[in-house]
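Every read-out reported here was derived from the displayed coordinates using simple, explicitly stated rules and does not represent laboratory data. A quick note: this is a predicted structure, and the numbers were derived from the prediction, not measured. Positions of Cβ are generated from backbone atoms using ideal geometry, with glycine treated the same way; all protein chains shown enter the neighbour counts.
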Amino acid sequence: MDPLSLALAATDVKSVVHVAVELSGPWAFEASPGPGQADLVLVSSGAAVVEAAGEAVTLAAGAGAVLPRSVPYVVRSPRGAAAEAVPIGAVTGACPAEQFERVRHDARPASAEATGRPDGAAPDHVVLGSLLIEDAGASPLIEALPPVLVLPPEAAPWASQTLALIADESQAGRPGASAVAARLAEVFLLQSIRDYVEGLPEVCPDGGDRASWLHALADPDLGRALLAIHRAPEHPWTVEALAAQAYMSRTTFAARFARAVGTPPLRYVARWRLHKAARSLRRGAAVFEAAADAGYGSEASFSKAFKRATGVSPSEYGGDGASDLSEMGPYLDAVELTPPMRSASPTPG
């Protein structure tokens, strides 16, 4: 698997909510997604403007946008939208999880015509969705994405087909429909991410911010080191060993990795180990199993590092305690790499 595939494989989507809205008049609504929530805005007909993080993107019919980082946003009509946006709940109403709904929202004055707009324009039709990503705040992939991923109209074939399948599963009520709809929503998100990454330049610039991590994945040299880490985070990595994967000297690799990824190589290894361990705990692994799988020298050293990074113990995380690693990043400077529990294997290539 390539580095992006391994990063995508570690991104778990738990559920999906979606609704098709017919919007008339000078409409505008706002949303503030919760932690780990990635929202979708797809225009079936008409147009819409998505505003997030100080940017505005106009979506024509067949285009869409994914907001993967839980940032507040506004969606409005491109033609004379209301001065104030209403909460999204005032537009969609109650939308139970994993249920497809069709609703109408008319922002025109009560005296307006019953159909269409005064200017004769047809209503806008927009599909809205929400994906819940487990521990999105601790995922370098999600953190590295821009606030808005734009899906151009040429993405419509796979986007519309995937959404149609989600709607069909949600409405049919067949056994396993919820699980199938969630998997389809995961495919939709991952395809959106892949489309974005494929448009990045191949050679990683010296950006110095976390967003350039995606460029590092596509970089022929740094990508090999990241691939080795993602394949085997439990390996007893050294800077020299990772530099060899990238065919660089130790000094050149360490400097270039830190500039591109935003953290020193071994801190990145520590973070990926904890990310892998958290995923194992979510899937029911015992604490000692998660520790061994992530390459920690003992259950005690793993528990100490995990609690320092997350604020909760591994047993609390895997049980009924906290389940969000979004605050992991600030603690990683205190995380120490420990010898592997298993004997060292040959350096992954």
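Which part of segment 266-295 falls in the paramagnetic zone of residue 250, meaning amide N under 14 Å from the point 7 Å along Cα-to-beta-carbon? Output list for this probe position: 266.
For segment 217-268, what D do you get in µm² per second when you plug the Kirkwood radius from alpha-carbon pairs into Stokes-Einstein at 37 °C and 0.692 mPa s?
Details: Rh = 10.6 Å.
Answer, rounded: 310 µm²/s.
Global size of segment 251-301: 13.6, 41 Å for Rg and Dmax (C-alpha atoms, Rg to one decimal, Dmax whole).
If you take the beta carbon distance between residue 198 and residue 32 as r and set R0 to 35 Å, what does 1/(1 + (r/R0)^6) give as a FRET efficiency, to the nearest 0.05?
Values: r = 30 Å, r/R0 = 0.86.
The computed FRET efficiency comes out at 0.70.
Full extension of the segment from residue 288 to residue 84, taken as 0.36 nm per residue of separation minus the current Cα-Cα distance, would add 68.1 nm.
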